[in-house]
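Since the structure comes first, as structure tokens, the remarks are kept for the end.
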Amino acid sequence: MQIGFVGLQYSGKTSLFNTLSKSASHALVQKEEATIEVVKVPDERLDNLTKIFNPKKQINATIEVFDIPGLRMSEDNKVKITSTFLNSVRNNDALFYIIRAFNEESVPHPMNRVDPFQDIKFLETEFLLSDLAFLETRIEKLKKEVQKSKDEKLKREIPVLEKCYAHCEKEQPLRSLILDENDLKLLSGYQLLTLKPLAIAINYDESSIPIVDEEIITINSQIGNSFATIIPFFAKIELELSQMGQEDQSVFMQDYGIKESALSKILRTSYELLGLHSFFTVGEDECRAWTIKKNFNAQQAAGVIHTDFFNRFIRAEVVHFNDFIIHGSFNKCKEAGAWRLEGKEYIVKDGDILNIRHN
Ligand SMILES: Nc1nc2c(ncn2[C@@H]2O[C@H](COP(=O)(O)OP(=O)(O)OP(=O)(O)O)[C@@H](O)[C@H]2O)c(=O)[nH]1
Ligand SMILES: [Mg+2]
């Protein structure tokens, strides 16, 4: 799963990116000019399991974060979207607009303003235009092809694309269009930008901390029904925060009145946007968190561990993390009836500890 940081130049994308990478793993991959990093998802439950099982290693779930260079002013004094930029944006499962709300004279804004709402609108409009242009071309091309080939499968695409086009024409992002599973499947290859799950992360000054909740309410009402989650963060102080030990961090956050770190907000929001959650496997060798879609059944979850586990699935032994902590061991869980054998249709819950029986 990959999330992308998208925005105008100097909005704080790399600063935020660095707060994530400082506090996490360091598998740094350079891709063209943009940077991708594999970020460990912190999970206290997994830390607890590691304390109990004392395995050789702990493996956290990971998520890939893509820091895309921002849009800048070109020679003709306009901020223009480039195809390199759009291609970088397309490559993500979910987008985070990183929006500037901090004032800093030494850092220019490409349009000489500090106005979060206008910046959000700018990005939304550009992405809508990109989707519109794509849909228009695609519909035209499909119609010609269908006329020639009479291909029924291609023919079925046309009304779905036309529905999308009409929605974009009303200046509404595709995220807000009701689409069924078939529509979504058909559209999935197209990487439409306004269909991607979206969060808007706004970068405030530390002096704005006391008024940030109000600010977010205002911006929420300004953007209306755009189906995006808005989260505030404070790049400058959070960078300091990410370099501290855990205890200092909590003292520091309390002093500043920061309720949750940017890292935690970004990862939590990513899981929500993408409809993900975690299950665990435990043992002497490793305690590990695995990421799955919320509707995955036991067999699909087993397949995330290993394709053989999917193919040769028999049953899953299941104990929920909370029960495990209450009872203290698998045997005690069995005695208490908190240990279960589930078949492949069982929908795995967030925090389940699984052991897959296979042949
Ligand atoms: N005062 C202040 N400065 C900030 C804040 N966030 C970022 N900056 C500064 O703004 C400048 C740009 O920050 P970056 O994080 O590099 O911005 P970016 O979005 O990655 O920029 P591009 O990659 O060029 O698109 C740096 O000098 C930062 O130190 C903030 O919250 N407050
Ligand atoms: Mg940057």
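The values are calculated or read from the model by the stated rules, or taken from the named source; none is laboratory data. None of these values were measured; they are calculated from a predicted model. Using ideal geometry, Cβ is built from the backbone for each residue, glycine included, and neighbour counts are taken over all protein chains shown. The protein model used for the area step is the full one, side chains on, heavy atoms only, and it has no ligands, DNA or RNA in it. Shrake-Rupley method; radii C 1.70, N 1.55, O 1.52, S 1.80 Å.
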Test of understanding: among Ile63, Ile59, Ile120, which residue is more than 16 Å from ligand 2 (Cβ to nearest atom), hydrophobic (A, V, I, L, M, F, W, C) and open to solvent by 10 Å² or more (accessible area, probe 1.4 Å)? Ile59
Out of all the residues in the stretch 85-107, which are within 15 Å of ligand 1 (Cβ to nearest atom) and open to solvent by 70 Å² or more (accessible area, probe 1.4 Å)? Asn103, Glu104, Glu105, Ser106
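From Ile219, Ile237, Ile211, which residue is among the hydrophobic types (A, V, I, L, M, F, W, C) and out of contact with any Phe, Trp or Tyr (no Cβ under 7 Å at 6 or more places or on another chain)?
Values: Ile219 fails: out of contact with any Phe, Trp or Tyr (no Cβ under 7 Å at 6 or more places or on another chain); Ile237 fails: out of contact with any Phe, Trp or Tyr (no Cβ under 7 Å at 6 or more places or on another chain).
Of Ile219, Ile237, Ile211, the one residue that is among the hydrophobic types (A, V, I, L, M, F, W, C) and out of contact with any Phe, Trp or Tyr (no Cβ under 7 Å at 6 or more places or on another chain) is Ile211.
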Give the number of residues within the stretch 223-237 that are farther than 30 Å from Thr125 by Cα and within 16 Å of ligand 2 (Cβ to nearest atom). 0
Any idea which of Leu142, Leu161, Leu128 is assigned to a helix (DSSP H, G or I) and touching a Ser or Thr at 6+ places or on another chain (Cβ under 6 Å)? Leu128
Hey, among Phe134, Phe127, which residue is open to solvent by less than 50 Å² (accessible area, probe 1.4 Å) and aromatic (Phe, Trp, Tyr)? Phe127
State which residue is nearest to Lys57 (Cα to Cα) when the search covers only the stretch 280-305 and only residues that are small (Gly, Ala, Ser) and over 23 Å from the mean Cα position of the chain (by Cα). Gly283
